Amino acid sequence: MTYQVKRDFIGYGANPPDPRWPGGARVAVNFVMNYEEGSEPSVQDGEGYSEHGLTEAPGIAHIPKGRDLAAEGMFEYGSRVGFWRLMRLFQERGLPMTVFGCALALERNPEAAAAIRESGFDVCCHGWRWVKHYELSEAEEREHIRRAVASLERTVGHRPDGWYCRYGPSENTRRLVVEEGGFLYDSDSYADELPWWVTVEGKGHLVVPYSLTNNDGKYAGAVGTSEQWFSFVRDAFDTLYAEGARTPKMMSVGLHMRLIGHPARAAGLARLLDHIQRHQDVWITRRIDIARHWVRQHPYPGRGLNE
C-alpha cells in the first residue's frame, strides 16, 4: 500500500518520552542556517520573475514579471556577506550548527561550499532549488531529490543525511525521500518538540521537527528589531529549559543569511548565543547528532507513532 500522510492530533500526549540527551541535558538546541541564495525562482532559471521571499521587500514594490534587480541583490547579500557573518558568529564561539543547503545554491558558491565542508557542520538537503515542492509533479519532485543528493555529494563531500522542503512538502515528498534511500530523517513537520517515527512503505522513518516560530522569518513582519527577536526566542529557550527539568525537549532555531546576516539582526543572534551558553545542562548540537541519538535511544518500534 502506498504511504499516505495522516493527520495526528495526539502525538506523545501528556507523557512524552525522556530523550535522554547526552549529559542529562534539559534542552537539545539546534541552530539551522538556510542556504538558499542562488537557487530561488528567477528569470535566469526560467520562472520569469525574481523571488523576493524573506527579504526586505516582502509584498511591497517588487516587480511581478521580469528581473527585479533589487530582489536579486538582496539574495546576493545573503551569500556574499550574511553567510560569512553567521559562520564567524558560530565558529568564534566554537558552536556547531546545521546547514539546510539548496544544492544549486551551493554549486554557485564553491567558496562557501568549501567553508561548510571544512567546518564540520552537517548538511541537510533543502532541495535542488528553493521552490515549492507541492507544486511539482511526482516525476519532477523525484528528479529534484535525485539531483540534489548527487550535487551535494560533489560540493560538500558527502550525501545529505536529512531532508527539508521549502515551507511545506507535497503529499509525495516523504515517500519519495524514503524511495531515494540514504536519508536518516526528514524535518518536513512543525508538529512537535521531539522526534518521532513513522512507517513509510513498511520502513521506519524518523521525523525531526523544525520550527517557523523560533525563526528569523519573524523579521518579515512580526518583529522589527534584534532586541524583539532576541527576547522572543530567549523566552522560548527559557521556557523549554525550565520545563526540561522534568520533560526535556529539543529546540530548533532557523536562520536565513539574507535576513539575520545583516549587522543589526546579527547582534540579536549574538546575544541569544551568549545567553544560551551561560546555561548548564544544554546540548547545542547538529541535527544529525539529534537524529542519531534518537535512533540509538529510541529505536524504531516496528510501527510509527499512533499508527
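Every number here is computed from the coordinates shown, using simple stated rules; none is lab data. Only a predicted model underlies this, so the values are computations on that prediction, with no experimental measurement involved. Cβ: placed from backbone, ideal geometry, glycine included. Neighbour counts: every protein chain shown.
Numerical summary
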| quantity | calculated |
| --- | --- |
| Set of aspartates and glutamates with alpha-carbon distance to Lys249 below 14 Å, sequence-local pairs under 8 removed | Asp18, Asp192, Glu193, Asp238, Asp281 |
| Normalised contact order of the chain, rounded percent, pairs of Cα under 8 Å and 6 or more residues apart | 28 percent |
| Region 3-151, relative contact order in percent, only Cα pairs under 8 angstrom and at least six apart counted | 24 percent |
| Cleavage-rule hits (chymotrypsin sites (Phe, Trp or Tyr not before Pro)) in region 1-69: DSSP loop, at most 11 neighbouring Cβ within 10 angstrom | Phe9 |
| Set of aspartates and glutamates near Lys218 by C-alpha distance (under 16 Å), chain-local residues within fewer than 8 positions excluded | Glu56, Glu227, Asp235 |
| Sequence-distant residues sharing a close amide H with Val200 (under 5 Å, placed H) | His205 |
| Spatial separation of Cα centroids for region 131-149 and region 1-22, in angstrom | 26 Å |
| Relative contact order computed over region 201-307 (Cα-Cα under 8 Å; 6+ residues apart), in percent | 36 percent |
| Reachable lysines from Lys6, criterion Cα separation under 19 angstrom, eight or more residues apart if same chain | Lys203 |
| Residue of Ser50, Ser39, Ser119 that the Gaussian network model of the chain assigns the largest fluctuation, springs spanning Cα pairs under 10 Å | Ser119 |
| Kyte-Doolittle at least 0.0, axis length at least 18 Å by Cα - qualifying DSSP helices, the chain | 263-277 |
